[in-house]
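> One structure, pasted below without further comment.
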Amino acid sequence: MHHYRITPANPDAHLFEVELRISSPDPAGQALRMPAWIPGSYMIRDYARNVVSVRATCGGQDVAIEKHDKSTWVAAACDGELVVTAEIFAYDPSVRGAHLDRRHGFFNGTAMFFEVVGQEDTSCELEIVKPANIDDWQVVTSLKSAGAEPYGFGRYSAANYDELIDQPVEMAPQLIREFTVAGLPHVLAIRGEVSGDVDRLVLDLCKVLEEHHRLLGTPDDLDRYVFLLKDR
């Protein structure tokens, strides 16, 4: 299993810290790659451009890590668990990247997480760390809990790297509504000021979803579906 740990380290500077622990790195030197695009939006996004710094250690000792092209880094061979820590700038207010300030933290995995080249099918665990001096943020994501309380910071899981990067995370004070359609739990989470009729919105959304399930069927590989909305 690959262990990722993400911390909203410096909201004022829009910086996340992301740690990756690889228990069995490639003995010839482990390649790590940032995605260039995001599922569902196929323009080149070049997420690697927001990587501010990268360092690597093994057994408490520094390991050389070099950038080989615009989105790939290679860590030198080491004997034991390889720990890679990156500082990542997050100031993209769109839904395709990552954004961090004192109002909220949002990220897609494509903007945050290195792919462990050659081990893409390995299961992943993600620990989301609560930011210092901010107490009212909730965590909303469709990732499965691996111990985290509902809407809480803590550990989440993904079957592989593709699943990890395809489930965005919103951290902020949020208005949350839970409802069920076709036997599948759904969540609507709204960040920011809410002035509309949320109950009416949920009713209208249910009508759309009921027709969706009727036409396309209910997926059997999901435990819930999450809608993330923001005020602006």
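> In segment 98-232, if every C-alpha pair distance is counted and binned at 5 Å from zero, what percent goes to each bin?
Reading upward from the zero bin: 2, 9, 18, 20, 20, 15, 11, 4, 1, 0.
> Oh, and also: Give me the one-decimal nm value for the distance between modelled label points at C206 and D220, 7 Å along each residue's Cα-to-Cβ direction.
That separation, rounded to one decimal, is 2.7 nm.
> Dimensions of segment 80-134 along principal axes (Cα, Å, largest first)?
38, 26, 18
> Here's another thing I want to ask about it. When the accessible area of segment 129-178 is split by element with a 1.4 Å probe, what percent falls to carbon and sulfur?
45
> In whole Hz and in residue order, list the ³J(HN,Hα) couplings for segment 144-157 that follow from phi through the Karplus curve 6.51 cos²θ - 1.76 cosθ + 1.60, θ = phi - 60°; x for Gly and Pro.
With the stated coefficients, segment 144-157 comes to 6, 5, 10, x, 5, 5, x, 6, x, 6, x, 9, 10, 9 Hz.
> Rounded to whole Hz and in sequence order, give me ³J(HN,Hα) for segment 37-51 from the Karplus expression 6.51 cos²θ - 1.76 cosθ + 1.60, θ = phi - 60°, writing x for Gly and Pro.
So the Karplus estimates, Gly and Pro as x, are 8, 10, x, x, 8, 9, 6, 6, 9, 6, 4, 4, 5, 8, 6 Hz.
> Also, quick follow-up: If a cysteine in the chain has no other Cys Cβ under 4.7 Å from its own Cβ, put it on the list, ordered by number.
Singleton cysteines: C124, C206.
> Can you give the helix-only mean residue ellipticity at 222 nm for the chain, where every DSSP H stretch with n ≥ 4 adds -39500 (n - 2.57) and the sum goes over all residues, rounded to the nearest 500 deg cm²/dmol?
About -3000 deg cm²/dmol.
> Can I ask one more? From the Cα trace of segment 1-88, what convex hull volume per residue do you get, rounded to a whole Å³? Could the numbers behind the result be given before it?
Details: hull volume 10.1 nm³, N = 88.
With only Cα atoms used, segment 1-88 gives 114 Å³ per residue.
> Calculate the FRET efficiency for D231 and R21 from the Cβ-Cβ distance with a Förster distance of 30 Å, rounded to the nearest 0.05.
Values: r = 36 Å, r/R0 = 1.21.
Calculated value: 0.25.
> Give the ranking of V129, V116 by solvent-accessible surface, highest area first, calculated with a 1.4 Å probe.
From most exposed to least exposed: V129, V116.
> Around V181, which amide H atoms from residues at least 5 apart in sequence, or from another chain, sit under 5 Å from its own amide H, with H modelled in the peptide plane?
H186
> Between R96 and S145, with labels modelled 7 Å along Cα→Cβ, what's the label distance in nm to one decimal, could you check?
3.4
> Using a cut-off of 24 Å between alpha-carbon atoms, which lysines can reach K230, once sequence neighbours fewer than 8 places away in the same chain are excluded?
K130, K144, K207
> Sort R214, R155 from largest to smallest accessible area, using a 1.4 Å probe on the heavy atoms of the protein chains. Don't skip to the end; give the middle numbers.
On the way: R214 160, R155 100 Å².
Of R214, R155, the descending order of accessible area is R214, R155.
> Same structure again: Please state, as a whole number in µm²/s, the translational diffusion coefficient that the Stokes-Einstein equation yields for the chain at 4 °C and 1.567 mPa s, with Rh defined as the Kirkwood radius across alpha carbon pairs.
Details: Rh = 18.8 Å.
It diffuses with D of about 69 µm²/s by this estimate.
> In segment 29-80, what trypsin sites (Lys or Arg not before Pro) fall in a loop by DSSP, with at most 11 other Cβ atoms inside 10 Å?
Within segment 29-80, the qualifying trypsin sites (Lys or Arg not before Pro) (loop, at most 11 other Cβ atoms within 10 Å) are K70.
The values are calculated or read from the model by the stated rules, or taken from the named source; none is laboratory data. Given the structure is predicted, the values throughout are model-derived calculations rather than measurements. When we count neighbours, we look across all protein chains shown, and the Cβ atoms used for this are built from the backbone with ideal geometry, even at glycine. Just so you know, the surface numbers come from the protein's heavy atoms only, side chains and all, with ligands and any DNA or RNA stripped out. Shrake-Rupley method; radii C 1.70, N 1.55, O 1.52, S 1.80 Å.
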